[in-house]
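The structure appears right after this line, and notes come after that.
The values are calculated or read from the model by the stated rules, or taken from the named source; none is laboratory data. Given the structure is predicted, the values throughout are model-derived calculations rather than measurements. Using ideal geometry, Cβ is built from the backbone for each residue, glycine included, and neighbour counts are taken over all protein chains shown. These accessible areas exclude ligands, DNA and RNA; they are computed on the full protein's heavy atoms, side chains included. Shrake-Rupley method; radii C 1.70, N 1.55, O 1.52, S 1.80 Å.
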Amino acid sequence: MDFRSYMDVALTEARAAAARGEVPVGAAIVGPAGVLAQAGNRTRELNDPTAHAEVLAIRAACAALGQERLTGYDLYVTLEPCPMCAAAISNARIARLYYGAADPKSGGVAQGPRVFSHAQCHHAPEVYDGIAAQASERLLKDFFAAKR
């Protein structure tokens with residue numbers, strides 16, 4: 001089986017989030033038929049602290065399938081998921097997580113609480129980091145530099 005990265009879809013969503021004034025994070029849920037759902041951060045637009053790209057993409061994918069689990073689906077996201085998003089990924093039973101930039105400040109996968117390593121975590125996806133990391137990091141750095 002040939003690997004095909006869908007990080008370009010997540011990066012497109014991250015750019016759109018930045019254009020809306022949101023922190024530029026994008027996500028895509030991918031299954032056997034390709035991209036099922038995609039989203040970018042919308043916390044400010046929706047006045048919702050849970051409206052992270054990952055959560056919005058998971059919600060859209062579950063709605064499209066009419067089920068609460070995404071067994072066998074992959075998630076591509078431009079930034080290491082925070083603890084809240086890591087818990088949502090676990091609860092959705094995502095098979096594989098691919099992410100770009102590491103998040104030493106707020107990450108919950110390889111940094112901080114390392115949610116998938118906890119005994120209370122009922123499901124841990126396969127994790128692949130560093131996918132399009134430079135492009136993801138550049139988006140974030142440029143966004144925050146413009147804010148200063």
**Asked** For GLY108, which sequence-distant residues (separation of 5 or more, or a different chain) have an amide H within less than 5 Å of its own amide H, given hydrogens modelled in the peptide plane?
**Response** CYS82
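Calculate for the chain the 222 nm mean residue ellipticity that helices alone would give, adding -39,500 (n - 2.57) per DSSP H run of length 4 or more and normalising by residue count, nearest 500 deg cm²/dmol. Walk me through the numbers before you get to the answer.
Numbers: 5 runs with 55 residues, N = 148.
My calculation for the chain gives -11000 deg cm²/dmol from helical runs alone.
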**Request:** Just the number, please: carbon plus sulfur as a percent of the accessible area of the range 40-148, 1.4 Å probe, no ligands or DNA/RNA counted.
**Result:** 51
**Message:** In the range 114-148, whose amide N lies under 15 Å from the spot 7 Å out along Cα-to-Cβ of ALA95? List them in ranges.
**Reply:** 124-128
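Suppose R0 equals 25 Å; then what is the FRET efficiency for ARG69 and LYS147 from their Cβ-Cβ distance, rounded to the nearest 0.05?
Computed FRET efficiency for ARG69 and LYS147: 0.10.
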**Message:** Please report the antiparallel percentage of the DSSP beta bridges confined to the chain, to the nearest 5.
**Reply:** 55
**Fill in**
Net charge (Lys, Arg +1; Asp, Glu -1) of residues whose beta-carbon lies under 14 Å from that of GLY31, GLY31 excluded, is +3
**Message:** Within the chain, which whole H helices from DSSP have a Cα span along their axis of at least 30 Å and a mean Kyte-Doolittle hydropathy of 1.0 or more, if any?
**Reply:** none
**Message:** Report the gain in length on full extension from SER5 to LEU46: 0.36 nm times residue separation, minus Cα-Cα distance, nm rounded to one decimal.
**Reply:** 11.8 nm
